[in-house]
Amino acid sequence: MSRRCELTGKGPMTGNNVSHANNKTRRRFLPNLNDVSLMSEALGRPVKLRISAAALRTVDHRGGIDAFFAKSKDEELSARALKVKKEIAKAQAPAA
(Lines give C-alpha, C1' and ligand atoms only; values in the text may rest on other atoms or scores of the structure.)
Protein backbone atom coordinates (compact mmCIF):
# COMPACT_ATOMS: atom_id res chain seq x y z
CA MET A 1 0.00 0.00 0.00
CA SER A 2 1.60 3.26 -1.10
CA ARG A 3 1.84 6.29 1.13
CA ARG A 4 -0.10 8.54 -1.24
CA CYS A 5 -3.41 10.35 -0.77
CA GLU A 6 -6.03 9.02 -3.19
CA LEU A 7 -7.73 12.41 -3.61
CA THR A 8 -4.91 14.97 -3.65
CA GLY A 9 -1.91 12.86 -4.65
CA LYS A 10 0.05 14.11 -1.62
CA GLY A 11 3.00 11.79 -0.94
CA PRO A 12 6.22 11.53 1.08
CA MET A 13 8.71 14.40 0.97
CA THR A 14 12.40 14.38 1.90
CA GLY A 15 14.44 16.69 4.06
CA ASN A 16 17.08 16.76 6.77
CA ASN A 17 17.23 16.13 10.49
CA VAL A 18 19.42 18.93 11.82
CA SER A 19 21.07 18.35 15.18
CA HIS A 20 22.17 20.95 17.71
CA ALA A 21 25.71 20.50 16.32
CA ASN A 22 24.27 21.26 12.85
CA ASN A 23 24.82 17.68 11.59
CA LYS A 24 22.44 16.85 8.75
CA THR A 25 21.00 13.40 8.07
CA ARG A 26 18.33 12.59 5.48
CA ARG A 27 14.77 11.88 6.59
CA ARG A 28 11.27 11.47 5.16
CA PHE A 29 8.19 13.54 5.91
CA LEU A 30 5.19 11.20 5.54
CA PRO A 31 1.66 12.48 4.85
CA ASN A 32 -0.97 12.07 7.58
CA LEU A 33 -3.05 9.34 5.88
CA ASN A 34 -6.29 7.95 7.28
CA ASP A 35 -8.59 5.14 6.16
CA VAL A 36 -12.05 6.70 5.96
CA SER A 37 -15.50 5.77 4.68
CA LEU A 38 -17.21 8.79 3.13
CA MET A 39 -20.95 8.62 2.45
CA SER A 40 -21.87 9.36 -1.15
CA GLU A 41 -25.39 10.76 -1.49
CA ALA A 42 -25.52 10.00 -5.22
CA LEU A 43 -24.55 6.34 -4.80
CA GLY A 44 -26.36 5.86 -1.49
CA ARG A 45 -23.43 3.94 -0.01
CA PRO A 46 -20.13 4.68 1.73
CA VAL A 47 -16.89 4.92 -0.27
CA LYS A 48 -13.68 3.67 1.41
CA LEU A 49 -10.59 5.75 0.64
CA ARG A 50 -7.12 6.34 2.09
CA ILE A 51 -6.78 10.12 2.23
CA SER A 52 -4.77 12.76 4.05
CA ALA A 53 -6.20 14.79 6.93
CA ALA A 54 -5.97 17.92 4.77
CA ALA A 55 -8.02 16.23 2.02
CA LEU A 56 -10.63 15.19 4.58
CA ARG A 57 -11.02 18.84 5.65
CA THR A 58 -11.31 19.86 1.98
CA VAL A 59 -14.06 17.27 1.39
CA ASP A 60 -16.00 18.67 4.37
CA HIS A 61 -15.43 22.24 3.19
CA ARG A 62 -16.74 21.51 -0.32
CA GLY A 63 -19.87 19.82 1.03
CA GLY A 64 -19.19 16.10 0.76
CA ILE A 65 -17.47 13.59 -1.47
CA ASP A 66 -19.89 14.15 -4.39
CA ALA A 67 -19.13 17.90 -4.51
CA PHE A 68 -15.39 17.22 -4.11
CA PHE A 69 -15.33 14.90 -7.12
CA ALA A 70 -17.33 17.40 -9.19
CA LYS A 71 -14.57 20.02 -8.77
CA SER A 72 -11.51 17.72 -8.76
CA LYS A 73 -9.14 17.15 -11.68
CA ASP A 74 -8.69 13.61 -12.98
CA GLU A 75 -4.87 13.85 -12.94
CA GLU A 76 -4.75 14.22 -9.13
CA LEU A 77 -7.00 11.23 -8.37
CA SER A 78 -5.89 7.63 -7.94
CA ALA A 79 -7.30 4.91 -10.19
CA ARG A 80 -9.73 3.81 -7.46
CA ALA A 81 -10.92 7.37 -6.79
CA LEU A 82 -11.33 8.00 -10.53
CA LYS A 83 -13.55 4.92 -10.80
CA VAL A 84 -15.74 6.20 -7.94
CA LYS A 85 -15.89 9.66 -9.56
CA LYS A 86 -17.21 8.13 -12.78
CA GLU A 87 -19.81 6.08 -10.83
CA ILE A 88 -21.03 9.24 -9.07
CA ALA A 89 -21.20 11.19 -12.34
CA LYS A 90 -23.20 8.35 -13.92
CA ALA A 91 -25.61 8.23 -10.95
CA GLN A 92 -26.12 12.01 -11.05
CA ALA A 93 -26.66 12.22 -14.84
CA PRO A 94 -30.32 11.02 -14.93
CA ALA A 95 -31.22 13.19 -11.93
CA ALA A 96 -29.93 16.39 -13.55
request  = State the number of residues belonging to segment 66-96 that are without any contact (Cβ under 8 Å) to a residue 60 or more places away in the chain, out of contact with any helix residue (DSSP H, G or I) (no Cβ under 6 Å at 6 or more places or on another chain) and of a type outside the set (D, E, K, R).
outcome  = 12
key: From G44, G63, G15, residue being exposed (fewer than 10 other Cβ atoms within 10 Å of the Cβ) and over 12 Å from the mean Cα position of the chain (by Cα)   = G44
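Taking segment 47-60 as the region of interest, how many residues are free of Cβ contacts under 8 Å to residues at least 40 places away in the same chain and surrounded by fewer than 15 Cβ atoms within 10 Å (Cβ to Cβ)? Before you say what the answer is, go through the steps one by one.
Of all residues in segment 47-60, those free of Cβ contacts under 8 Å to residues at least 40 places away in the same chain come to 47-48, 53, 56-57, 60.
When the remaining residues are screened for being surrounded by fewer than 15 Cβ atoms within 10 Å (Cβ to Cβ), the result is 48, 53, 57, 60.
The total comes to 4.
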task = Name, by its number, the condition in (1) at pLDDT 95 or above; (2) touching a Ser or Thr at 6+ places or on another chain (Cβ under 7 Å); (3) surrounded by 10 or more Cβ atoms within 10 Å (Cβ to Cβ) that does not hold for E76.
result = (1)
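The values are calculated or read from the model by the stated rules, or taken from the named source; none is laboratory data. Here the structure is a predicted model, which is why all the values come from computation and not from measurement. Counting neighbours? That spans all protein chains shown, and the Cβs are built from the backbone with ideal geometry, glycine included.
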